[in-house]
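Each remark here refers to the structure printed beneath this line.
The values are calculated or read from the model by the stated rules, or taken from the named source; none is laboratory data. All of these numbers come straight from a predicted model, not from anything done at the bench. Methodologically, a virtual Cβ is constructed for each residue, glycine included, from the backbone with ideal geometry; neighbour enumeration extends over all protein chains shown. To get the accessible areas, we keep the full protein, side chains included, count just its heavy atoms, and leave off ligands, DNA and RNA. Shrake-Rupley method; radii C 1.70, N 1.55, O 1.52, S 1.80 Å.
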Amino acid sequence: MTGKIYLVGAGPGDPELLTLKAARLIAAADVAVFDRLVADAVLDLLPPACLRIDVGKETGRHSVPQAEINAILVRLGQAGHRVVRLKGGDPYIFGRGGEEAEALVEAGIAFEVVPGITAAAGCAAAAGIPLTHRGVAQGLRLLTGHRQDDRDLDFDWHRLADPTCTLVVYMGVASAERLAGGLRGAGLPGETPVAIIERGTTPDQRTFFSRLDRLAADMARWQPKPPALLIIGRVVDHALVPHMDVIGREAAQ
């Protein structure tokens with residue numbers, strides 16, 4: 001008798017941002033397989049008897065290879081467990097949920113995807129930044145600043161250098177200098193505002209404000225720690241910053 005795997009988006013950190021469905025499944029899980037970005041406050045919602053399997057990854061240091069994570073999920077499903085696979089943000093936005101779903105389909109394991117609030121939406125809201133704004137940003141692009149096997153970024157920089165589009169970069173701390181250089185080289189103005197949101201939606205959130213032409217120097221000075229999100233575009237100037245730890249706002253304007 002096979003079980004069922006739930007690929008659940010755990011949101012950006014604040015447990016109150018979980019969907020009702022995610023919270024219900026977490027509270028009833030037999031087994032939880034979770035990533036590094038899943039907040040402790042979310043894990044605290046698991047039942048005391050729930051088996052917890054940590055498969056967390058860090059940039060440049062993968063504790064469990066993706067193929068092994070896929071195999072773990074298949075084995076648990078074949079053993080008849082009700083498994084919650086917890087992923088930071090949304091499973092299908094830079095969460096490798098698609099790869100895990102493919103493995104489950106191939107093995108004939110029942111699964112369901114439960115969407116979560118992705119970091120772009122959650123962190124931007126927590127920092128008071130509208131991702132789109134009438135007359136300012138007509139589009140939104142979600143990017144990853146980290147490529148498989150640490151290969152160099154190979155974006156179409158000229159398409160990205162659109163002043164009417166907001167760019168949100170996941171895992172972009174290590175590649176901030178390359179991002180700024182590529183965008184400026186493609187014509188995006190150096191005064192384009194940038195926000196770096198560290199540990200967004202959590203009590204430890206810090207928000208840094210910079211500009212494209214100062215981003216590398218500011219990042220070196222501030223040393224924001226992952227998980228951190230970069231928002232690039234004119235919407236950053238429209239931030240209505242709530243009470244939080246804010247750094248560099250005046251200098252960036």
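Which of rounded, prolate or oblate describes the range 103-220 when judged by the alpha-carbon gyration tensor and an a/c cut-off of 1.5?
prolate
On average, how much accessible surface per residue is there in the chain, in Å², for a 1.4 Å probe, leaving out ligands, DNA and RNA?
Counting only protein heavy atoms, the per-residue value for the chain is 48 Å².
Roughly speaking, to the nearest percent, how much of the range 72-150's 1.4 Å accessible area is carbon and sulfur? Let's see the in-between values first.
Details: 1850 of 3700 Å².
Heavy-atom surface of the range 72-150 belonging to carbon and sulfur, 1.4 Å probe: 50 percent.
Run the numbers for ASP54 and TRP222: contour at 0.36 nm per residue of separation, minus the present Cα-Cα distance, in nm.
Roughly 57.5 nm would be gained on extension.
Is the range 1-61 rounded, prolate or oblate when judged by the Cα gyration tensor, a ≥ b ≥ c being the square roots of its eigenvalues, rounded requiring a/c under 1.5 and prolate requiring a/b larger than b/c?
Judged from the Cα gyration tensor, the range 1-61 comes out oblate (a/c at least 1.5, b/c at or above a/b).
Give me the extension gain from ARG159 to ALA27: residue separation times 0.36 nm, minus the current Cα-Cα distance, reported in nm with one decimal.
The ARG159-ALA27 span can extend by a further 43.1 nm.
Taking a probe of 1.4 angstrom, what is the accessible area of THR144 in Å², to the nearest 10?
Approximately 30 Å² of THR144 is accessible to the 1.4 Å probe.
What does the helix-only formula give at 222 nm for the chain: each DSSP H stretch with n ≥ 4 adding -39500 (n - 2.57), the total divided by the residues, and the result rounded to the nearest 500 deg cm²/dmol?
Dividing the helical sum by the residues of the chain leaves -7500 deg cm²/dmol.
Once you place label points 7 Å from the Cα toward the Cβ at ALA41 and VAL64, how far apart are they in nm?
So the two model labels end up 2.5 nm from each other.
Taking a ≥ b ≥ c as the square roots of the eigenvalues of the Cα gyration tensor of the range 89-161, is the shape rounded (a/c under 1.5), prolate (a/b larger than b/c) or oblate? Could the numbers behind the result be given before it?
Working: a/c = 2.70, a/b = 1.50, b/c = 1.80.
Oblate is the answer for the range 89-161, as a/c is 1.5 or above yet b/c matches or exceeds a/b.
Evaluate E = 1/(1 + (r/R0)^6) for LEU20 and GLN138, where r is the Cβ-Cβ distance and R0 equals 35 Å; express this FRET efficiency to the nearest 0.05.
Between LEU20 and GLN138 the formula returns 0.60.
So which aspartates and glutamates can LYS4 reach, going by Cα to Cα under 16 Å and dropping same-chain residues fewer than 8 places off?
Partners found: ASP30, GLU100, GLU102, GLU106, GLU112.
Between the helical axis of 176-185 and the dominant principal axis of the chain, each derived from Cα atoms, what acute angle in degrees is found, rounded to the nearest 10?
Value to nearest ten degrees: 50.
Please give the contour-minus-distance gain from LEU240 to VAL105: 0.36 nm per residue of separation, less the Cα-Cα distance, rounded to one decimal in nm.
44.2 nm
Please work out the ratio of the alpha-carbon Rg of the chain to 2.2 N^0.38 Å and round it to two decimals.
Details: Rg = 19.1 Å, N = 253, 2.2 N^0.38 = 18.0 Å.
For the chain, the normalised Cα radius of gyration is 1.06.
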